[in-house]
Amino acid sequence: MISLKFPVSEEEVRTLKVGDEVSLNGIMVLGRDNAHAWMYEEKPDEIRNLLKGTVIYHCGPVVKKVDDEWIFVAAGPTTSIREEPYQGDVLKEYDLRAVIGKGGMGDKTLAALKEHGAVYLHAIGGTAALLAKAVVKVHDVLKLEEFGIPEAMWVIEVKDFPTVVTMDSHGQSLHQVIKGKSNIVADKLISG
Amino acid sequence: MKFEIDEKKLHNAVVELIRRASTQLPADVISAMEKGRDSEEPGSPAQSVLKLMLENAQMAREDETPICQDTGTNIYYVTVPVGVSLRKVEKVIVEATKTATEKAYLRPNMVDSITGRNTGDNSGVMSPLIHFEEWDEPKINMQLALKGGGSENVSAQYKLPDNKLKAGRNLDGVYKCVIDAVNKAQGLGCAPGIIGLGIGGDRAIGMLIAKKQIFRNIDDTNPDSEMAKLEEKLYKDLNILGIGPMGFGGNTTVLGVKVGAAHRLPASFFVSIAYMCWADRHATLNYSSEEVSYD
């Protein structure tokens, strides 16, 4: 298991390969559909320092407020492919080094990972209780009123957050490999 | 004897039903996943993913927190005694849903499709979604499934014949559609999935039948022998696609295939595929003046 603490350098991220199990520590920022559209269309400046060298996590959590403090109750990944139109540009615009989500992403993001030096880290879909336990503190939340709880940009600190590299900065994608193989089997089954 | 509803008692019972559905993975799903875990190569990503999923399910049960943060569309199938006010039951379910959202058993999920605003309490037009039926028993039977967006997005509907798949208007054609849909889904629906298949109906009925299959026990056998054969064949063949848990590769692509059918028009032959994620959250409440029980 490789341990990674955000923010990270481009060199560090370039050493990662598809299949590596990576345990994450430090600050991550949550963002899904509304956040990506906002970053892509309006390019807000106030989040530049926050995002530089760090990671965006595709997640809409279940949260609870206890004594004025936010607690993460459930926080697994959401499907990443919805951010495909934005992700590559957002990655470069905000100098991100990683994306966390589930299901993998497409060619445009894969090319951006290679060009910019970043990785796609896969978290296990549905393991929300387990992943929420890795959240040690909620530092801040942006756009809560406008986007609502699942879509807001939560700034959290994590410890030992488990992921697997499924798309790396060398053009490799586990998702492409698996799909290529299963397509052959499916074609055979369908053509009888 | 007239069946009376104690609204407060029913409210509390529905909140408990939601808590159970959201935080406790049913025993048949767990044992199907354990079977999957043991069939995967030791040390493979597929096996470690299944281990983490099982660990998560146990943690959620112990901590009474949602298994998955996407607590999904809340789908109810409610059977009531003769004479019960459906509006009253509906009102209780909506209020219980709001309470369960406050308690963080549910994420505030419902967004106005026109303005984009989240209602904050899971209420909304057709939310929660409730199907009512009537029976002669002096009790209410309430089934609840929580179906997340990832699995709903890879659910699919085909119309036979399908030229591209060379799928005709028969069970062989149906088979081809399911292989195609699950292959296209890859890991996106949070594999290993449970496949609810609805054959026939109109578009809405087909999907209703498909989604109803999610409530069946994974280990049951379809009483219709043709459908039982189809379930078995699909289960076997879908698991050789090699997609595996979360699409990481492996032998465990689906945990079960459940088939239902409805009559159709001569002109229409729909194949409706409801993909349910491994976090196949559902629970049942039995409610009467003497009894409140869950299974």
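Since every read-out is calculated from the coordinates, none of them should be taken as a lab result. Remember, predicted model here, so these are calculated numbers, not experimental data. Here the Cβ positions follow ideal geometry from the backbone for every residue, glycine too, while neighbour counts run over all protein chains shown.
If I filter segment B:134-149 for residues that are closer than 30 Å to A:Trp70 by Cα and surrounded by fewer than 21 Cβ atoms within 10 Å (Cβ to Cβ), do I get at least one hit?
Yes, segment B:134-149 contains at least one residue that is closer than 30 Å to A:Trp70 by Cα and surrounded by fewer than 21 Cβ atoms within 10 Å (Cβ to Cβ).
Looking at segment B:86-123, which of the residues that are at positive phi and surrounded by 17 or more Cβ atoms within 10 Å (Cβ to Cβ) is nearest to the other protein chains (Cβ to nearest Cβ)?
Step by step, filter segment B:86-123, then rank; the result is B:Ala104.
If I filter segment B:271-285 for residues that are hydrophobic (A, V, I, L, M, F, W, C), within 12 Å of chain A (Cβ to nearest Cβ) and part of a helix (DSSP H, G or I), do I get at least one hit? So that I can check it myself, show each step before the final result.
Taking segment B:271-285 as the starting set, the residues that turn out to be hydrophobic (A, V, I, L, M, F, W, C) are B:271, B:273-274, B:276-279, B:283, B:285.
Narrowing further to those that are within 12 Å of chain A (Cβ to nearest Cβ): B:276-279.
Then drop every residue that is not part of a helix (DSSP H, G or I), which leaves none.
No, because not a single residue in segment B:271-285 is hydrophobic (A, V, I, L, M, F, W, C), within 12 Å of chain A (Cβ to nearest Cβ) and part of a helix (DSSP H, G or I).
Residues of segment A:12-62 being of a type in the set (Lys, Arg) and on the phi > 0 side of the Ramachandran plot, which ones?
Taking segment A:12-62 and keeping what is of a type in the set (Lys, Arg), we get A:14, A:17, A:32, A:43, A:48, A:52.
Once the filter is applied, which keeps residues that are of a type in the set (Lys, Arg) and on the phi > 0 side of the Ramachandran plot, segment A:12-62 yields only A:Lys43.
Suppose we keep only residues that are in a loop (DSSP other than H, G, I, E, B) and among the hydroxyl-bearing types (Ser, Thr, Tyr) within segment B:60-82. Which one would you say is nearest to the other protein chains (Cβ to nearest Cβ)?
B:Thr65
How many residues are among the β-branched types (Val, Ile, Thr) and within 17 Å of A:Leu96 (Cα to Cα) if we restrict to segment A:1-21? Steps first, please.
Start the filter on segment A:1-21 by keeping residues that are among the β-branched types (Val, Ile, Thr), which leaves A:2, A:8, A:13, A:15, A:18.
From what is left, the residues that are within 17 Å of A:Leu96 (Cα to Cα) are A:8, A:13, A:15.
Qualifying residue count for the region: 3.
So which residues in segment A:13-32 are over 12 Å from the mean Cα position of the chain (by Cα) and outside any loop (DSSP other than H, G, I, E, B)?
A:Val13, A:Arg14, A:Glu21, A:Val22, A:Ser23, A:Asn25, A:Gly26, A:Ile27
Would you be able to tell me the number of residues in segment B:194-234 that are under 16 Å from the mean Cα position of the chain (by Cα) and of a type outside the set (A, V, I, L, M, F, W, C)?
Final tally of qualifying residues: 10.
Taking into account only those residues within segment B:38-59 that are without any contact (Cβ under 8 Å) to a residue 24 or more places away in the chain and part of a helix (DSSP H, G or I), which is surrounded by the fewest Cβ atoms within 10 Å (Cβ to Cβ)?
Among those that are without any contact (Cβ under 8 Å) to a residue 24 or more places away in the chain and part of a helix (DSSP H, G or I), it is B:Asp38.
Suppose we filter B:Tyr158, B:Tyr105, B:Tyr175 for residues that are aromatic (Phe, Trp, Tyr), in contact (Cβ under 8 Å) with a residue 12 or more places away in the chain and closer than 22 Å to B:Ile67 by Cα; which single one remains?
Unique residue meeting the criteria: B:Tyr105.
For segment B:144-177, what are the residues that are facing chain A (nearest Cβ under 10 Å) and within 15 Å of B:Tyr235 (Cα to Cα)?
Those that are facing chain A (nearest Cβ under 10 Å) and within 15 Å of B:Tyr235 (Cα to Cα): B:Asp172, B:Tyr175, B:Lys176, B:Cys177.
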